[in-house]
Structures are given as structure tokens and as C-alpha cells.
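Okay, structure first, notes after.
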């Protein structure tokens, strides 16, 4: 039976609250509150109404993932 490795993350703990470390993108070096150890984080955009910024858990850190914007057809 193959075992699936449990994802791990470098976290900052303050009391009962855990924070994941964000690497790259507009939130480089900042922390985001965690519940469990999710493999993906969609962080609200830096400006109100902006799209969420995606971070993927890789090698213990939540790393910025570029999301391709949908192409619009020329009218």
C-alpha cells in the first residue's frame, strides 16, 4: 500500500493561530492565517475588487503561482 506524504509547511505560530509564509507575488514575505495545511491558498487581491492571488504549497512555503488570464477574442 502506497503512503501519501503529509504536506508540511513552515509556519509562524502565535497562540493557537498559525500563519503560512508567502513567497513571491505581491505578498512576498508576508503571512496568511491557516486552518490546517491547505495545498492551495487564494489570498484576496491587494486592491478591493481585485482577483485573488493564488499560492501553492511547495517545499514548505506557499509560493506565488501565476494564473493565466483568459484570452479575449478580438471583436
Over segment 3-27, the set of residues loosely packed, with under 11 Cβ neighbours inside 10 Å and at pLDDT 90 or above is 13, 14, 15, 16
If you go through segment 39-62 one residue at a time, how many are surrounded by 16 or more Cβ atoms within 10 Å (Cβ to Cβ) and out of contact with any strand residue (DSSP E or B) (no Cβ under 6 Å at 6 or more places or on another chain)?
-> 1
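Can you confirm whether segment 66-75 contains a residue that is modelled with pLDDT of 90 or more and under 20 Å from residue 20 (Cβ atoms)?
First, pick out the residues of segment 66-75 that are modelled with pLDDT of 90 or more: none.
The answer is no; no qualifying residue exists.
Collect the residues in segment 44-63 that are in contact (Cβ under 8 Å) with a residue 40 or more places away in the chain and over 10 Å from the mean Cα position of the chain (by Cα), keeping them in residue-number order. Let's see the steps before the verdict.
In the first step, residues of segment 44-63 are kept if they are in contact (Cβ under 8 Å) with a residue 40 or more places away in the chain; the result is 57, 60-63.
Scanning segment 44-63 gives a single hit, 60.
The values are calculated or read from the model by the stated rules, or taken from the named source; none is laboratory data. Keep in mind the model is a prediction, meaning the values are calculated, not measured. Quick reminder, even Gly has a Cβ in these numbers, built from the backbone with ideal geometry, and neighbours come from all protein chains shown.
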